[in-house]
Amino acid sequence: MDIRILDKSDAPLYQQLRLSSLKASPDAFGSTFEREAGFTLETVEERIKPTKDKFVLGVFDAKGMLVGMVAFMRESGMKTAHKGNVYGMYVAPEMRGKGLGKLLMLELLIRAKACDGLEQVNLTVVSQNGGAKKLYESVGFEVYGVERNALKFNGQYFDEEMMVLKL
């Protein structure tokens with residue numbers, strides 16, 4: 001398994017996995033398959049383009065296929081730059097149970113800790129997603145609040161738990 005920051009050359013693989021994630025787990029993400037299926041390759045390239053305060057990590061299998069991903073973005077406001085956020089965590093169903101999610105999160109945290117002045121990393125997780133919550137807790141995240149009805153999909157509401165890891 002190879003974990004690295006994605007760049008524009010990875011955009012087609014990223015988009016394929018991202019769309020798969022939105023189809024397989026529509027209630028786990030704030031976006032939708034329908035919205036992102038219309039993104040151009042240029043839009044996807046810009047979305048994953050790494051900067052000093054933003055990156056998308058990918059894990060690749062032995063065949064070079066992208067099988068997991070997670071994004072990090074630091075807050076940009078003067079009063080919020082001490083915080084970063086985790087987005088879009090996903091491991092392909094056939095690759096789950098192999099520790100890839102934990103490897104992605106640990107690598108994300110190593111890279112986040114290297115951001116000068118970063119003090120905490122936040123994320124949200126759908127309350128019913130026990131596997132994801134267990135993963136985040138295993139690397140040190142703690143729940144600090146719940147947003148009721150945070151997401152609405154096909155007429156059903158989903159609560160999200162807000163989690164934080166102090167660096």
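Going through (1) without any contact (Cβ under 8 Å) to a residue 24 or more places away in the chain; (2) out of contact with any Leu (no Cβ under 9 Å at 6 or more places or on another chain); (3) crowded, with 17+ Cβ neighbours inside 10 Å one by one, ALA71 falls short only on (2). If you go through region 138-153 and keep only what is more than 17 Å from VAL91 (Cα to Cα), without any contact (Cβ under 8 Å) to a residue 40 or more places away in the chain and of a type outside the set (Gly, Ala, Ser), you end up with PHE141, GLU142, VAL143, TYR144, VAL146, GLU147, ARG148, ASN149, LYS152.
May I ask you to say which residue of ALA62, ALA81 is touching a Gly at 6+ places or on another chain (Cβ under 8 Å), assigned to a loop (DSSP other than H, G, I, E, B) and either polar (S, T, N, Q) or surrounded by fewer than 20 Cβ atoms within 10 Å (Cβ to Cβ) (or both)? Testing whether each residue is touching a Gly at 6+ places or on another chain (Cβ under 8 Å), assigned to a loop (DSSP other than H, G, I, E, B) and either polar (S, T, N, Q) or surrounded by fewer than 20 Cβ atoms within 10 Å (Cβ to Cβ) (or both) leaves just ALA81. If the condition is being at pLDDT 95 or above and crowded, with 19+ Cβ neighbours inside 10 Å, then region 14-28 contributes TYR14, GLN15, LEU17, ARG18, SER21, LEU22. Would you please name the residue that is surrounded by the most Cβ atoms within 10 Å (Cβ to Cβ), looking only at residues in region 87-142 that are part of a loop (DSSP other than H, G, I, E, B) and of a type in the set (Lys, Arg)? Looking at residues that are part of a loop (DSSP other than H, G, I, E, B) and of a type in the set (Lys, Arg), I get LYS98. Considered as a group, the residues in region 155-167 that are more than 12 Å from ASN122 (Cβ to Cβ) and touching a residue at least 24 places away in the same chain (Cβ under 8 Å) include one that is most open to solvent (accessible area, probe 1.4 Å), and that residue is GLN156.
The values are calculated or read from the model by the stated rules, or taken from the named source; none is laboratory data. Since the model is a prediction, treat every value here as computed from it, not as a measurement. Note that each Cβ is placed from the backbone with ideal geometry, even for glycine, and that neighbours are counted across all protein chains shown. Heads up: the accessible areas ignore ligands, DNA and RNA and are worked out on the full protein's heavy atoms, side chains in. Shrake-Rupley method; radii C 1.70, N 1.55, O 1.52, S 1.80 Å.
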